[in-house]
Amino acid sequence: MSCHICAKDPLAHSFKKVGEKRGITMFYTKPSQAKRYDDTEGILAHVDNTIGQLNGKKWICIVDGDQFDAKYIAEWQTGAGLMQLFFTKYVDSLVEIKIINPTVYVRTAMKVLIALIAEDKTSKITVLDDKPYSVLQFI
C-alpha cells in the first residue's frame with residue numbers, strides 16, 4: 001500500500017483500485033466513507049501516489065456521491081486539489097470520471113470544480129443519476 005496513513009487505517013481515505021477492464025484500471029472513491037475526509041494533504045498524496053504507480057496507463061475514477069452532505073462540501077480544497085491533479089498531471093491517461101449517486105451537494109461542488117477545468121476536458125466527466133448505481137456495475 002502506497003499510503004502510510006491507510007497502511008495504519010484502511011478506512012482513512014477512500015480511493016482504491018477496484019479492477020481492470022480492457023486494460024484500463026478502475027478506481028473507486030466514496031468520500032462519505034473516508035474517516036479522514038478532511039485530510040486534504042494526505043488524500044492528495046494518496047491519490048497521486050496511487051495513480052502515479054500506473055506509469056501512464058489508462059484509468060477511470062468512479063466517484064460515489066452517496067451520503068455526501070454539507071460537511072464534505074466544506075472541504076472544497078480537497079476537491080479542487082483532486083481536479084487539478086486529475087486534469088493537469090494525469091489528464092493524458094485519464095479516460096473518464098464517472099460520478100454515481102450524486103446528491104445535491106455533489107452537484108453543487110461539481111459546478112464549482114468544473115469551473116477550474118479547461119472546457120475541452122470536461123467531456124471526461126460523466127454524471128450518472130438516472131438510478132442508484134453500485135461500483136460492481138462497472139468492474
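Read-outs throughout are calculated quantities, based only on the coordinates presented, and are distinct from any laboratory measurement. Only a predicted model underlies this, so the values are computations on that prediction, with no experimental measurement involved. FYI the Cβ positions are ideal-geometry reconstructions off the backbone, even for glycines, and counts take in every protein chain you see.
Observations
- The charge dipole of the stretch 4-137, taken about its Cα centre with unit charges on the Cβ of Lys, Arg, Asp and Glu (plus for the first two, minus for the last two), comes to roughly 360 debye.
- Amide H partners (placed H, <5 Å) of Phe138, local residues excluded: none
- Using θ = phi - 60° in the Karplus curve 6.51 cos²θ - 1.76 cosθ + 1.60, the 3J(HN,Hα) couplings for the stretch 48-62 round to 4, 5, 5, 5, x, 5, 6, 6, x, 5, 5, 8, 10, 10, 9 Hz; x is entered for Gly and Pro.
- For Phe27, distant residues with modelled amide H under 5 Å away: Val18, Ile60, Cys61, Ile62
- Judged by a Cβ-Cβ distance under 4.7 Å, the unpaired cysteines of the chain are Cys61.
- Shape category assigned to the stretch 4-137 from the gyration tensor of Cα positions, a/c cut at 1.5: rounded
- Within straight-line reach of Lys57, meaning a Cα separation under 20 Å, sit the following lysines at least 8 residues removed in sequence or on another chain: Lys16, Lys17, Lys21, Lys89, Lys98, Lys121, Lys124.
- Global size of the stretch 56-123: 12.0, 35 Å for Rg and Dmax (C-alpha atoms, Rg to one decimal, Dmax whole).
- Exposed-site-free run, longest, the chain (rule: trypsin sites (Lys or Arg not before Pro); DSSP loop; at most 16 other C-beta within 10 Å): 59-139
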